[in-house]
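Shown next, in structure tokens, is the structure this report addresses.
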Amino acid sequence: MANRLKQFYRALTAKVDDQDLVFVKSRLNDSEISLFLQMSTIDQKHCINVAHSAEALTKVRKLDVPLLIRAALLHDCGRKNGDLGLLGKSFAVLFDKTIGYQRFIKLDAMRRSKLCSWLHQLLEVYYRHPERGAAALASIQSSEQLIIIVLSHHQPATATDCPELKLLKQADALN
Ligand SMILES: [Fe+2]
Ligand SMILES: [Fe+2]
């Protein structure tokens, strides 16, 4: 709970400064920068923080750091600016913690037409942003490794997870 409150406060005060942009531009190509900039300031700052946390964690592991940082900067690019908003995201987190994805799937199949479209759109973005992000990256011909990491960043761990994905999940949980 304390972590959630901290995240909410950080989101409220999120700001992407020149130093952040220099960092982003040094790690992504032009098409990827364009995807990055389509996220809200809150998500941009979150991804930058995840990238810094991930970079700090690499000091004790051997892995592909440039791939990890690109994945961290773009992992939430399936949420574009205006898709969710801070209140929408907070509501979706609350929904996830109380009602959950499995019930959303049932509602999705059984009562889709009765759900308020705002609620449906909100949860669709919240739950499906990994698929949306992977599709956006595929459309700019990003590497398969990057696409798989973004697609899988909220999936339960499996034996085939690459070390960059494992570390991204750790860094994401810290931010
Ligand atoms: Fe995410
Ligand atoms: Fe994230």
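The values are calculated or read from the model by the stated rules, or taken from the named source; none is laboratory data. Just so it is clear, the model here is predicted, and its values are computed rather than measured. Glycine gets a Cβ as well: all are built from the backbone with ideal geometry, and neighbour counts include every protein chain shown.
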Per the filter on the range 48-94, residues surrounded by fewer than 22 Cβ atoms within 10 Å (Cβ to Cβ), among the aliphatic types (A, V, I, L, M) and closer than 25 Å to GLN145 by Cα are ALA56, LEU57, VAL60, LEU63, VAL65, LEU67
Hey, can you tell me all the residues within the range 127-175 that are out of contact with any helix residue (DSSP H, G or I) (no Cβ under 6 Å at 6 or more places or on another chain), in a helix (DSSP H, G or I) and among the acidic types (Asp, Glu)? GLU131, GLU144
Being closer than 27 Å to ALA54 by Cα and at pLDDT below 85 narrows it down to one residue among ALA109, ALA92, ALA134; which is it? ALA92
If we ask which residues in the range 115-151 are closer than 16 Å to ASP83 by Cβ and of a type in the set (S, T, N, Q), their number turns out to be 2
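Yes or no: ALA14 assigned to a helix (DSSP H, G or I), surrounded by 11 or more Cβ atoms within 10 Å (Cβ to Cβ) and within 16 Å of ligand 2 (Cβ to nearest atom)?
So ALA14 fails the test.
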For the range 76-95, give me each residue that is under 21 Å from THR13 (Cα atoms) and more than 16 Å from ligand 2 (Cβ to nearest atom). GLY82, LEU87, PHE91, LEU94
Within 16 Å of ligand 1 (Cβ to nearest atom), of a type in the set (D, E, K, R) and in contact (Cβ under 8 Å) with a residue 40 or more places away in the chain: which single residue out of ARG27, ARG70 fits that description? ARG70
Those residues of the range 30-75 that are in contact with a Gly (Cβ under 8 Å, 6 or more places away or on another chain), within 11 Å of ligand 2 (Cβ to nearest atom) and assigned to a loop (DSSP other than H, G, I, E, B) come to a total of 1
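In this structure, does GLU124 turn out to be in a helix (DSSP H, G or I) and either among the β-branched types (Val, Ile, Thr) or in contact (Cβ under 8 Å) with a residue 60 or more places away in the chain (or both)?
Working: in a helix (DSSP H, G or I): yes; either among the β-branched types (Val, Ile, Thr) or in contact (Cβ under 8 Å) with a residue 60 or more places away in the chain (or both): no.
Answer is no for this residue.
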Scan the range 142-161 for residues that are without any contact (Cβ under 8 Å) to a residue 24 or more places away in the chain and away from ligand 1 (no atom under 13 Å from the Cβ) and report the count. 9
